[in-house]
Structures are given as C-alpha cells and as structure tokens.
1. Size of the dipole of the chain about the Cα centre, Lys and Arg at +1 and Asp and Glu at -1 on the beta carbon, nothing else charged, in debye to 20?
2. Round to a whole number: what % of the accessible area of the chain belongs to carbon and sulfur, probe 1.4 Å?
3. Across 5 Å bins from 0, what is the distribution of all Cα-Cα pair distances for the chain, in whole percents?
4. Which residue fluctuates most in the GNM of the chain (Cα springs below 10 Å): Glu34, Glu110, Glu80?
5. What net charge is computed for the residues neighbouring Glu40, neighbours being all others with C-beta under 12 Å from the C-beta of Glu40, Lys and Arg scored +1, Asp and Glu -1?
6. From the helices alone, meaning DSSP H stretches of at least four residues, give me the mean residue ellipticity at 222 nm for the chain, per-run term -39500 (n - 2.57), in deg cm²/dmol to the nearest 500.
7. Compute the accessible area per residue over the chain, keeping the other protein chains in place, probe 1.4 Å, unit Å².
8. Accessible surface of Val181 in the full protein assembly, 1.4 angstrom probe, to the nearest 10 Å²?
Amino acid sequence: MGRLETSDKQSVHLVENEIQARIDNIFSNLERLEIFCNKEPPNKRQNAKLRVDQLKYDIQHLQTALRNFQHRRYMREQQERQREELLAQTFTTNDSDTSIPIDETLQFNESLQNAHRGMDDLIGSGTSILQGLRDQKVTLKGTHRKILDVANMLGLSNTVMRLIEKRAFQDKYFMLGGMVVTCVIMFLVVQYLT
C-alpha cells in the first residue's frame, strides 16, 4: 500500500492491479486453508478457524483500503478534470452555461444537517433515559424505606409474639398447678367427709 501512495500517475494502475491480484490470490489461499481447518483434529480446529477468520478480516480491511484509495484517486482525477474545464471555459455575460453545479455541496450540507438532527435525537433520548433512571431511583428509595419500616414493625411484632408465647407457657404451668391443688383439695375434702 505504501508503494501505491508513492507511485506516479502512469504506474498507479499497474500497482493497483498487482495489489488486487495479490489480494485475490490470498483470498483463494484462505478458502483452501478453511478447508484444511475442517480436517484438523477437534482440539486444534477452533484455534485454526480463529486464525483463518482473523486473516480474512485483515484481508478484507486491505481490500477496503484499496477501494478507498481508488475512490480518492478517482475523485481527485475528476476534480482535476473539472478544474481544467473551468479554467478552459470562457465566460461571457450573456452565456447560458455560466452556472456552476453545486449539487455535491448541497448533498454534503444536507447530510451534515441529518447527522446533526440524529445527534440531537440521540441526546434527547439519552436525556429522557437519564430522567427515567432518576425517577426510578426516587421510587426505589421510597420502596426501600417502606420495606425497612415493615421490617422494623415485623421485628417489633416478633418480640411481642415471643412475649405472648412465653406468657402462654407460664400460664400453662399455673393452670396445671391450680388443677393439681384443686384435685388435692377435693381429695382431702372427700377423705375428710367420708
């Protein structure tokens, strides 16, 4: 790719064709490598496929870089042709061909405005999401406070329930003791009266 940047206008097509031929050759070799990967043992197959995929990814980037360079070169050549046409053109006051096409600039401006609107939409949606998260935070804090209040009340209720159970246990002994004393008194009364 470095040779492509430094080559002159006459040999740039030859260098581009040579690079494209090498990329095509690498693609065909990668297809064969992919077939060989499937023949690898299962424990090595995943690693081999990963390497082949990485190579494919790198070659696709090279292909994209070559296309970008070709596009830039084409645009540069087109601009040079248009510049030469403009410089060679003679303008008169009554000439009907004095208009300069500015469609590309208008399209660029429209694209920038669309991007600007898209960014505004993204910022607006981000702001609304943040506001929603703040509202949820407030709601969750209130819910957390209510849960703590319920937990404290349940803690108090548990203490009261333990005291009631302890009292019921003590009352059972008092009742049994009272029954025994009553039975003894009744027995003594029956013994004394008979």
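1. Values: 26 positive and 25 negative charges, 413 e Å.
With only Lys, Arg, Asp and Glu charged at Cβ, the dipole is about 1980 debye.
2. Numbers: 10320 of 16900 Å².
After summing per-atom areas, the C and S share lands at 61 percent.
3. 1, 5, 5, 6, 5, 5, 6, 6, 6, 6, 5, 4, 4, 4, 3, 3, 3, 3, 3, 2, 2, 2, 2, 2, 1, 1, 1, 1, 0, 0, 0
4. The residue with the greatest mean-square fluctuation here is Glu34.
5. Result for the neighbourhood of Glu40: +4.
6. Values: 4 runs with 170 residues, N = 194.
The helix contribution divided over the chain gives -32500 deg cm²/dmol.
7. On the way: 16900 Å² over 194 residues.
With the other protein chains kept in place, the chain gives 87 Å² per residue.
8. So the heavy atoms of Val181 present about 80 Å² to solvent.
The values are calculated or read from the model by the stated rules, or taken from the named source; none is laboratory data. Note that the structure is predicted; figures quoted are calculated from it, not measured. Glycine gets a Cβ as well: all are built from the backbone with ideal geometry, and neighbour counts include every protein chain shown. Side chains included, ligands, DNA and RNA excluded: accessible areas come from the protein's heavy atoms. Shrake-Rupley method; radii C 1.70, N 1.55, O 1.52, S 1.80 Å.
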